[in-house]
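Asks: Before anything else, here's the structure in question.
The values are calculated or read from the model by the stated rules, or taken from the named source; none is laboratory data. Please read these numbers as outputs of a predicted model, since none were measured by experiment. Cβ placement follows ideal geometry from the backbone for every residue including glycine, while neighbour counts extend to all protein chains displayed. To get the accessible areas, we keep the full protein, side chains included, count just its heavy atoms, and leave off ligands, DNA and RNA. Shrake-Rupley method; radii C 1.70, N 1.55, O 1.52, S 1.80 Å.
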Amino acid sequence: MSGDRDDPVDDPEDEAWVALCEQVPASIDATACLALHERTLEAPESEGEPPLLHVRSTGMLASLASDWRSRFKVDKPMQTMLIGDAGALLEDLPAAAGFLAGHPQAWLSLDVLDDLLLAAAEIAGPDAPTPVLRSAWRLAEHAVAVLRIVIGEQPVRLLWMNTASRPALRVLAQAIHLARERRDNAQIEQLIRWSLQLNPHDNHGWRTVLAPALLLKGRAEEALALTQAYPDDMPPMAHLRALALFMLDRRDEAEAALRAAHADHPRLVQALLPPLLDAPPEDDGPGIEPG
C-alpha cells in the first residue's frame, strides 16, 4: 500500500468509491450463496487431474447480473489483462451503490464483483489515498470469500479459455494484484498457490512471482518443484530453476540448466553482456513484444 498515511479523501469519485465499498457485506451466508449458483463438473482432460468446474448464476442472481450489466457498462480487458474500461461505472458510482443497496444479493455475483474490481484497478492505483486502497482490498477480500464458497473444497480446475470462467479467475488475479500492492506476502503466496491449483496453465504468470519469493525465503525445494511443473518455460523461470538447483548444492545440474537456458535463448545472454543495450524497435502491432 502506498505509505502508512491515511490521506484525506476530497475527490468526489474517491468519496463515492469509499461509500460504495462501505456496503460490502461483513459476512456471507454460504448456503444462500450456493443456492444462487449452478455448479457443473466435467471429466478432466487427463487422467489424475481434478475435474473441470463450470459455474453460472441462476434465478434471481442471473437476473440481477443482467440488470447490472444493462445499467453499468464495463468493457472487459483483452486476454488476461487486469485493466479494462470501467470509466462509465466510475462515473456513476452513487447509482451503483444504490443498486447494490437495493439488491444486496448482487454482492454474490462474480460478474458484478468482476466489474467492481475492474473499477478498483482504475481508481485504486499506487498513489490513491489510503481509504481508497483500503476499500479496494475490502472488496477483494469479499470477492475471494464468495469465490471460495462457489468453488467449494473439492479440488477442481477452471480454464481461462472458457469465457464463463474468466470472471472467477480475474477476481482472484485482481486480489493477488492488490495483495502485492499491500506487500502482504502471506496473502500473496496463499492466493497465488490457489490460483495455480485452479488454473495450472497459469495464464496470468503468477509462477514468476512465487518462484523468486520462495528462493528469497530459502525454500529452494519448493521453488524447484514449481519450475519443474513448467519444464518448457522460457526465462526467467529457466534461470530460477538453475538458481534453485545451485542453492540445493546440485551444481552440475544447475550448470546444465543454465547452459540450456542460454542455448535456448541466446539473445537474453547478448542483452546482458553489452555495456549499452539499444531500445527495442517500436511496434504498433497487437500483443506485447518481449524485451
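Asks: Could you list all residues from region 176-194 that are at pLDDT below 95 and either open to solvent by less than 50 Å² (accessible area, probe 1.4 Å) or of a type in the set (Asp, Glu) (or both)?
Replies: Passing the criteria: Glu181, Asp184.
Asks: Any chance region 41-49 includes a residue that's aliphatic (A, V, I, L, M), in contact (Cβ under 8 Å) with a residue 12 or more places away in the chain and not in a loop (DSSP other than H, G, I, E, B)?
Replies: yes
Asks: Against the definition (in a helix (DSSP H, G or I), at pLDDT 95 or above, β-branched (Val, Ile, Thr) and in contact with a helix residue (DSSP H, G or I) (Cβ under 7 Å, 6 or more places away or on another chain)), how does Val18 come out, yes or no?
Replies: yes
Asks: Could you look through region 92-129, keep only residues that are touching a residue at least 40 places away in the same chain (Cβ under 8 Å) and charged (D, E, K, R), and pick out the one that is farthest from Arg56 (Cα to Cα)?
Replies: Asp127
Asks: Looking at Ala145, Ala164, Ala173 in this structure, which one is farther than 21 Å from Pro50 by Cβ, among the hydrophobic types (A, V, I, L, M, F, W, C) and either open to solvent by 50 Å² or more (accessible area, probe 1.4 Å) or within 15 Å of the chain's Cα centre (by Cα) (or both)?
Replies: After applying the criteria, what remains is Ala145.
Asks: Here's a follow-up. What do you reckon, is Ala120 surrounded by 21 or more Cβ atoms within 10 Å (Cβ to Cβ) and closer than 21 Å to Asp202 by Cβ?
Replies: Against the criterion (surrounded by 21 or more Cβ atoms within 10 Å (Cβ to Cβ) and closer than 21 Å to Asp202 by Cβ), Ala120 does not qualify.
Asks: Those residues that are within 21 Å of Arg180 (Cβ to Cβ) and of a type in the set (Lys, Arg), I need them from region 210-244; list them, please.
Replies: Lys217, Arg219
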